[in-house]
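The structure appears right after this line, and notes come after that.
The values are calculated or read from the model by the stated rules, or taken from the named source; none is laboratory data. Everything numeric here is computed off the predicted structure, so don't read it as measured data. Positions of Cβ are generated from backbone atoms using ideal geometry, with glycine treated the same way; all protein chains shown enter the neighbour counts. Ligands, DNA and RNA are stripped out before the accessible areas are found, and what is left, the full protein with its side chains, is counted by its heavy atoms. Shrake-Rupley method; radii C 1.70, N 1.55, O 1.52, S 1.80 Å.
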Amino acid sequence: MIDAEEGDFELSPPWKQVAKDLFGTKYTFGQIVPHEELQTALKLPKPTGLVEVEDYERWRLALMAQIDALSTFLLDERSMCLRAVAGQGYLIVEPAKQTNFAVTEGMKRMRSELRKMGRRLTFIDRTALTSDQAKENADALARLAFLNQQASKARQMKFLSGVED
């Protein structure tokens, strides 16, 4: 959109404008961008009053999509990593702390996904499987055990020396 008074234009989608306005000059490394300010800037203020569950979920998903796109852009284009801070907003992780954050979060997510995969591979009705399918499942469980072993070794070595898990 063109602003007649300023001769400026508004970027679309909204996260591009937020990247320019909030992360260009207003906020920098080590600062927290409050949820409310980010929601307003994204033109997605939190619904108030009596709101249908479907409407609230639609808002929440739209907000998550915008924040995810913004976060990806900031990381890829400006080397700014965002970390959610419950009840406050999003912290722009300082470069000196980004390695620790990346490793810690990555290891947590990896362990979580390995547990989820293990449950899905373990809790299966084996009586409904053919012998080939049962072999495929057993092979997958063996590969999972290997991945768990490697993840355990990475944790023991703390993945990168000096990085806490």
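Find me the longest stretch of the chain that has none of the exposed GluC sites (Glu not before Pro), where exposed means in a DSSP loop (not H, G, I, E or B) with at most 11 other Cβ atoms within 10 Å. Please report the intermediate quantities before stating the final value.
Working: sites that count: 5, 6, 52, 164.
Result, exposed sites excluded: 53-163.
Just the number, please: carbon plus sulfur as a percent of the accessible area of the stretch 17-113, 1.4 Å probe, no ligands or DNA/RNA counted.
Answer for the stretch 17-113 is 55 percent, counting heavy atoms of protein chains only.
In the set [x] -0.50, -0.79, -0.93; [y] -0.32, -0.83, -1.12; [z] -0.51, -0.91, -1.01, which value of log10 I(q)/I(0) by the Debye sum over Cα atoms at q = 0.09, 0.14, 0.16 Å⁻¹ was calculated from the structure you see?
Working out log10 I(q)/I(0) by the Debye sum over Cα atoms at q = 0.09, 0.14, 0.16 Å⁻¹ from the coordinates points to [z].
Convert each backbone phi in the stretch 96-111 into a coupling constant with the Karplus relation 6.51 cos²θ - 1.76 cosθ + 1.60 (shift: θ = phi - 60°), then list the ³J(HN,Hα) values in order as whole Hz, x for Gly and Pro.
Result, rounded to whole Hz: 5, 9, 5, 4, 4, 4, 4, 5, 4, 5, x, 5, 4, 5, 5, 4.
Rounded to the nearest 20 Debye, what is the dipole magnitude of the stretch 1-105 about its Cα centre when Lys and Arg each give +1 and Asp and Glu each give -1 at the C-beta? Don't jump to the answer; show the numbers that get you there.
On the way: 10 positive and 17 negative charges, 85 e Å.
The calculated dipole for the stretch 1-105 is roughly 400 debye.
Exposed loop chymotrypsin sites (Phe, Trp or Tyr not before Pro) only (DSSP loop, at most 15 other Cβ atoms within 10 Å): please give the longest stretch of the chain free of them, not including the sites. Please list the in-between numbers first.
Numbers: sites that count: 29, 123.
Result for the longest clean stretch: 30-122.
Would you grab the residues whose amide H sits under 5 Å from the one on residue 90? Only those 5+ places off in sequence or on another chain, please, with H modelled 1.01 Å from N.
Counting only residues 5 or more places away or on other chains, the set is 33, 35, 85.
What stretch of the chain, leaving out the sites themselves, is the longest with no trypsin sites (Lys or Arg not before Pro) in a DSSP loop having at most 15 other Cβ atoms within 10 Å?
Details: sites that count: 43, 158.
My reading of the result: 44-157 is the longest stretch.
Filter the cross-link list 46/97; 20/97; 20/46; 26/97; 16/46; 108/135 down to pairs whose alpha-carbon distance in this structure exceeds 27 Å. Show your work: numbers first, answer last.
Details: 46/97 31 Å; 20/97 24 Å; 20/46 22 Å; 26/97 21 Å; 16/46 20 Å; 108/135 30 Å.
46/97; 108/135, as the Cα separations exceed 27 Å there.
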